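What follows is one structure encoded as structure tokens, with my remarks underneath.
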Amino acid sequence: MKNWIKILCAALLLYAAVFSLWHPMAPGGLAVSATEFHPGRNEFEFFGYGTHFKEGESSLKVYVSVDSSAVYCAEVLQVIDESRAIVSVFLPDTISSKRFGFAANNNIDGTIIVDSPVGHKGFVFDPGTDNSECRYSVLQEEFTRFGFPYQPIIIESIRNLMWHVPMWFTMFVLMTIGFVFSIRTLGKPEGRVESDFDLKASSSAAVGLVFCVLGLITGSLWARFTWGDWWTNDPQLNGAMVVFLVYVAYFILRSSTPDEEKRARISAIFNIFAFVLMVVLLMVMPRFTEGLHPGKSGNPAFSKYDLDSSLRSVFYPACAGFILLGYWIYSLHYRIQKLEQHNENHG
Amino acid sequence: MKIMVKTGLMFICLLMLVFAASAQTGMEEYFYQSGKIKVVIGVAAIVLAGLLIYLWRLDNRVTRMEKQQKGGKS
């Protein structure tokens with residue numbers, strides 16, 4: 001392996017590790033303290049995340065919307081700190097819908113939206129009503145700063161994108177290497193026992209399996225704190241587990257076949273099927289079923305809503321870095337296996 | 001097999017280090033605090049720990065070969 005590849009790998013990973021954690025988050029709305037609204041004055045607390053309520057206190061405005069058709073201006077009673085403000089809103093007896101939404105504007109953060117469910121009591125509902133007198137403007141465009149996008153529930157853990165997803169990309173690259181060498185193993189004329197191709201195929205699958213395990217564990221932890229469970233019935237998750245088990249079976253098959261020539265050929269055939277299965281389960285199937293993973297089910301994985309430019313600027317180097325690292329470990333593994341084989345045959 | 005058990009134990013130990021701080025406040029609260037940044041730390045720690053354990057295993061295999069070579073020459 002060339003030295004410049006190793007240096008590039010180290011530089012990319014260092015960059016990705018530092019900036020995945022260092023990069024600021026764009027401000028966002030966390031929640032409101034209100035649980036139930038009634039006609040008349042309602043007082044509640046508005047929670048932001050990474051916002052500048054205190055700094056932009058003079059321009060702070062809070063709105064309560066009803067089904068996006070009517071907007072009521074809330075009065076800011078007190079700004080407690082940068083992310084907390086106590087506001088009060090006057091609601092009439094008759095409103096058009098049961099769905100409340102919240103927004104806050106200021107000169108520094110732009111528009112922040114909170115979408116938390118709030119109950120209702122004592123209202124008369126009339127879909128045609130529009131008695132709102134408040135004018136509301138969205139300040140999104142001009143205030144978009146260079147920061148990781150704020151997503152409700154995910155919040156800071158969006159940074160996991162640079163750690164969890166490259167695991168799978170690296171596994172894909174390594175399994176592809178294994179697939180290519182498995183085909184080449186089968187292309188060799190019979191009787192040539194010392195097959196480097198078979199060693200390369202098994203080495204890349206072994207390292208690919210390590211990245212698969214890391215992807216499963218990190219994904220499990222991330223799922224616990226965003227989807228609420230260690231394991232969910234997402235098609236991507238179950239597919240990944242099946243792929244993991246299939247590649248484990250590949251190594252069991254290898255260790256149960258003592259004859260070198262036979263092992264090379266049988267495991268090469270198995271590996272080709274395993275690779276095809278992986279492509280089907282991880283890349284094709286999730287697009288036909290509903291799942292929790294973003295960007296799947298019909299849409300291309302890199303849709304514009306999932307990855308904005310600030311995420312890409314760290315995500316792509318992270319992927320490249322981890323793929324190079326995977327290749328590096330694979331080449332080490334291959335060389336060690338080759339030496340071991342040499343020692344067995346000649347020692 | 002011995003190595004497998006060893007690496008498994010090591011992995012658990014490293015995970016314990018990550019979760020050690022969570023023992024006092026309860027895991028739930030620990031991971032939910034300050035915008036779930038702790039989840040990122042956990043994930044990064046798992047990735048690093050996993051790769052290090054794998055390198056450890058590779059290192060062991062080289063050591064074994066070195067020992068064999070020494071034994072063969074003397």
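Numerical summary
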item: Top-ranked residue in the range A:146-175 [being assigned to a loop (DSSP other than H, G, I, E, B) and aromatic (F, W, Y); ranked as farthest from the chain's Cα centre (by Cα)]; result: A:F146
item: Selection status of A:K54, surrounded by fewer than 18 Cβ atoms within 10 Å (Cβ to Cβ), of a type in the set (K, R) and either within 30 Å of A:F315 (Cα to Cα) or modelled with pLDDT under 85 (or both); result: no
item: Some residue of the range A:236-259 being more than 14 Å from chain B (Cβ to nearest Cβ), of a type in the set (D, E) and touching a residue at least 40 places away in the same chain (Cβ under 8 Å); result: no
item: Qualifying residue in the range A:99-117 (condition: surrounded by fewer than 19 Cβ atoms within 10 Å (Cβ to Cβ), in contact (Cβ under 8 Å) with a residue 40 or more places away in the chain, in a strand (DSSP E or B) and of a type in the set (A, V, I, L, M)); result: yes
item: Conditions (1) under 17 Å from the mean Cα position of the chain (by Cα); (2) more than 11 Å from every other protein chain (Cβ to nearest Cβ): number failed by A:S202; result: (1)
item: Qualifying residue in the range A:272-280 (condition: in contact with a helix residue (DSSP H, G or I) (Cβ under 9 Å, 6 or more places away or on another chain), at pLDDT 95 or above and farther than 17 Å from A:C212 by Cβ); result: yes
item: Scan of the range B:54-72 for residues that are facing chain A (nearest Cβ under 9 Å) and either touching a residue at least 24 places away in the same chain (Cβ under 8 Å) or not polar (S, T, N, Q) (or both), ordered by number; result: B:Y54, B:L55, B:L58, B:R61, B:V62, B:R64, B:M65, B:G72
item: Matching residues in the range A:205-214 - criterion: being closer than 23 Å to B:K38 by Cβ and surrounded by 24 or more Cβ atoms within 10 Å (Cβ to Cβ); result: A:L214
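Residues are listed down the side, and each one gets a yes or a no for (1) in a helix (DSSP H, G or I); (2) more than 20 Å from the chain's Cα centre (by Cα); (3) over 18 Å from A:H333 (Cα atoms); (4) of a type in the set (V, I, T):
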{"site": "A:I177", "(1), (2), (3), (4)": "yes, yes, no, yes"}
{"site": "A:L186", "(1), (2), (3), (4)": "yes, yes, yes, no"}
{"site": "A:I217", "(1), (2), (3), (4)": "yes, no, yes, yes"}
{"site": "A:W222", "(1), (2), (3), (4)": "yes, no, yes, no"}
{"site": "A:W231", "(1), (2), (3), (4)": "no, no, yes, no"}
{"site": "A:R254", "(1), (2), (3), (4)": "yes, yes, no, no"}
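The values are calculated or read from the model by the stated rules, or taken from the named source; none is laboratory data. None of these values were measured; they are calculated from a predicted model. Positions of Cβ are generated from backbone atoms using ideal geometry, with glycine treated the same way; all protein chains shown enter the neighbour counts.
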